[in-house]
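Please treat every number below as a calculation from the coordinates, not as lab data. In this text, all values refer to a predicted model and were calculated from it rather than measured experimentally. Glycine also receives a Cβ, built like all others from the backbone with ideal geometry; neighbour counts cover every protein chain displayed.
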Amino acid sequence: MRRAGGRAIVVTAKHEPNAKLHLSHLGIEADAVIGWLWAEAKAEALREYGATVYVGDHTGDVRGARTAGALSVAVATGPCAMDELLAAGADVVLDDLTAFPAWLSGHIGGRTAG
């Protein structure tokens with residue numbers, strides 16, 4: 001995201017201090033971490049930070065993105081299968097996060113509709 005000029009914002013249903021600990025342990029630096037938000041409630045933080053794309057692995061993440069007016073990019077590596085994510089309204093479903101950089105590059109370049 002940063003290479004594309006964006007920010008990495010983590011919006012999670014997890015307890016915020018624990019989410020920060022996990023990110024730190026993994027060496028992931030986020031511009032902001034907002035916790036304790038589930039499904040549609042995530043839209044509050046997504047709007048506050050001006051998110052236009054939200055990546056998640058659950059149908060609740062899809063609902064949060066759609067409520068915020070953000071593009072929902074889902075990855076089928078979490079608790080929900082690809083067909084569930086599509087049925088929930090995901091704009092894009094990727095096999096896993098390793099596909100995200102190429103998708104983002106295409107999206108920014110206008111080569112993908114979603």
If we ask which residues in the range 10-27 are surrounded by 12 or more Cβ atoms within 10 Å (Cβ to Cβ) and either assigned to a loop (DSSP other than H, G, I, E, B) or in contact with a Gly (Cβ under 9 Å, 6 or more places away or on another chain) (or both), their number turns out to be 8
Taking the range 60-107 only, how many residues are surrounded by 14 or more Cβ atoms within 10 Å (Cβ to Cβ), assigned to a helix (DSSP H, G or I) and hydroxyl-bearing (Ser, Thr, Tyr)? 1
Pairs under 6 Å by beta carbon, first residue without any contact (Cβ under 8 Å) to a residue 24 or more places away in the chain in the range 1-20, partner surrounded by 15 or more Cβ atoms within 10 Å (Cβ to Cβ) and of a type in the set (Gly, Ala, Ser), six or more apart or different chains? Ala8/Ala30; Lys14/Gly35; His15/Gly35; Glu16/Gly35; Ala19/Gly35
List every residue pair whose Cβ atoms sit under 8 Å apart, with the two residues 6 or more apart in sequence or on different chains, where the first one lies in the range 93-108 and is within 22 Å of Arg63 (Cα to Cα) and the second, anywhere, is among the hydroxyl-bearing types (Ser, Thr, Tyr) and surrounded by 12 or more Cβ atoms within 10 Å (Cβ to Cβ). Asp95/Thr77; Asp96/Thr77; Leu97/Thr77; Trp103/Thr112
